[in-house]
1. Could you please let me know if R169 is touching an Asp or Glu at 6+ places or on another chain (Cβ under 8 Å) and either of a type in the set (S, T, N, Q) or at pLDDT 95 or above (or both)?
2. Take the conditions of a type in the set (K, R), surrounded by fewer than 19 Cβ atoms within 10 Å (Cβ to Cβ) and either under 27 Å from M162 (Cα atoms) or touching a residue at least 40 places away in the same chain (Cβ under 8 Å) (or both) and apply them to K82. Does it pass?
3. Any chance region 155-168 includes a residue that's of a type in the set (S, T, N, Q) and under 12 Å from the mean Cα position of the chain (by Cα)?
4. With respect to Q76, is the statement that it is part of a helix (DSSP H, G or I) and either open to solvent by less than 40 Å² (accessible area, probe 1.4 Å) or touching a helix residue (DSSP H, G or I) at 6+ places or on another chain (Cβ under 7 Å) (or both) true?
5. Can you find a residue that is in contact with a helix residue (DSSP H, G or I) (Cβ under 8 Å, 6 or more places away or on another chain), open to solvent by 20 Å² or more (accessible area, probe 1.4 Å) and not in a helix (DSSP H, G or I) anywhere in region 85-97?
6. Quick check, is A123 touching a Phe, Trp or Tyr at 6+ places or on another chain (Cβ under 7 Å), under 23 Å from I186 (Cα atoms) and surrounded by fewer than 21 Cβ atoms within 10 Å (Cβ to Cβ)?
7. Given the condition among the charged types (D, E, K, R), assigned to a helix (DSSP H, G or I) and closer than 27 Å to T34 by Cα, answer yes or no: does some residue in region 128-149 qualify?
Amino acid sequence: LKKILYIGIPNGLENSMFQLGKIAVLSLVSGLGTASLAANAVGNNIANFAILPGMSFGFALLTVCAQCVGAGDFEQVKYYTKHMMRVEYLCLIASNIILYHAACVVTIWPLSFTLPNTLRAAADVKVTMVLSIISMWVFRFGFSYLLTMVFHMGIFGVWVAMTIDWLVRGIFFVCRYKSGRWQKIIF
């Protein structure tokens with residue numbers, strides 16, 4: 001039970017804070033008017049299709065890496081992470097070749113949302129939680145506010161802020177992965 005809670009509580013907090021941040025950003029969007037709110041809703045539905053292959057690979061990577069971590073084989077974790085991320089990028093490129101959001105999905109999204117599953121599989125959940133929460137509130141919400149309210153970019157500012165959040169997360173998670181410290185987590 002202790003091992004399950006060790007992984008489950010930070011992961012639950014991370015997801016809760018992420019959803020709360022999305023609601024906060026949505027409150028900014030609602031202040032832009034009905035047309036912006038409707039455009040954002042439609043855009044989010046389309047965007048979900050753009051990340052669908054990435055979400056699938058994220059779940060698969062979590063399962064595969066957890067098995068390898070359980071076996072104590074971190075070389076296999078590295079192999080599968082590299083291999084599955086490469087295939088994911090190819091799938092995302094094939095399905096997202098034409099739009100700003102799609103270009104960000106292809107280049108940034110996997111490092112922000114799939115790579116952390118390798119860290120989570122190795123029980124590095126506290127770091128992923130802290131990095132995700134900070135990135136969500138500072139970059140996604142902070143830049144959403146700045147770009148919509150100060151620079152008057154409207155709904156496009158919210159989407160730019162979202163991709164800034166992805167970029168920052170991706171940088172943090174790549175650095176954490178390359179450091180190898182996630183391999184030394186003992187719980």
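The values are calculated or read from the model by the stated rules, or taken from the named source; none is laboratory data. All of these numbers come straight from a predicted model, not from anything done at the bench. Virtual Cβ from ideal backbone geometry, glycine too; neighbours counted across all protein chains shown. Quick note on the areas: whole protein, heavy atoms, side chains included, nothing else; ligands and nucleic acids left out. Shrake-Rupley method; radii C 1.70, N 1.55, O 1.52, S 1.80 Å.
1. Numbers: touching an Asp or Glu at 6+ places or on another chain (Cβ under 8 Å): no; either of a type in the set (S, T, N, Q) or at pLDDT 95 or above (or both): yes.
Spelling it out, it is not the case that R169 is touching an Asp or Glu at 6+ places or on another chain (Cβ under 8 Å) and either of a type in the set (S, T, N, Q) or at pLDDT 95 or above (or both).
2. On the way: of a type in the set (K, R): yes; surrounded by fewer than 19 Cβ atoms within 10 Å (Cβ to Cβ): yes; either under 27 Å from M162 (Cα atoms) or touching a residue at least 40 places away in the same chain (Cβ under 8 Å) (or both): yes.
It is true that K82 is of a type in the set (K, R), surrounded by fewer than 19 Cβ atoms within 10 Å (Cβ to Cβ) and either under 27 Å from M162 (Cα atoms) or touching a residue at least 40 places away in the same chain (Cβ under 8 Å) (or both).
3. First, the residues of region 155-168 that are of a type in the set (S, T, N, Q): 163.
Filter once more, so that each one left must be under 12 Å from the mean Cα position of the chain (by Cα): 163.
Yes.
4. Details: part of a helix (DSSP H, G or I): yes; either open to solvent by less than 40 Å² (accessible area, probe 1.4 Å) or touching a helix residue (DSSP H, G or I) at 6+ places or on another chain (Cβ under 7 Å) (or both): yes.
So Q76 passes the test.
5. yes
6. Details: touching a Phe, Trp or Tyr at 6+ places or on another chain (Cβ under 7 Å): yes; under 23 Å from I186 (Cα atoms): yes; surrounded by fewer than 21 Cβ atoms within 10 Å (Cβ to Cβ): yes.
It is true that A123 is touching a Phe, Trp or Tyr at 6+ places or on another chain (Cβ under 7 Å), under 23 Å from I186 (Cα atoms) and surrounded by fewer than 21 Cβ atoms within 10 Å (Cβ to Cβ).
7. Going through region 128-149, the residues among the charged types (D, E, K, R) turn out to be 140.
Those left that are additionally assigned to a helix (DSSP H, G or I): 140.
Still in the running and closer than 27 Å to T34 by Cα: 140.
Yes: region 128-149 contains one or more residues that are among the charged types (D, E, K, R), assigned to a helix (DSSP H, G or I) and closer than 27 Å to T34 by Cα.
Let's see how each residue does on (1) closer than 29 Å to G8 by Cβ; (2) open to solvent by less than 60 Å² (accessible area, probe 1.4 Å):
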position: S132; (1), (2): yes, yes
position: W137; (1), (2): yes, no
position: F143; (1), (2): no, no
position: V168; (1), (2): yes, yes
position: F172; (1), (2): yes, no
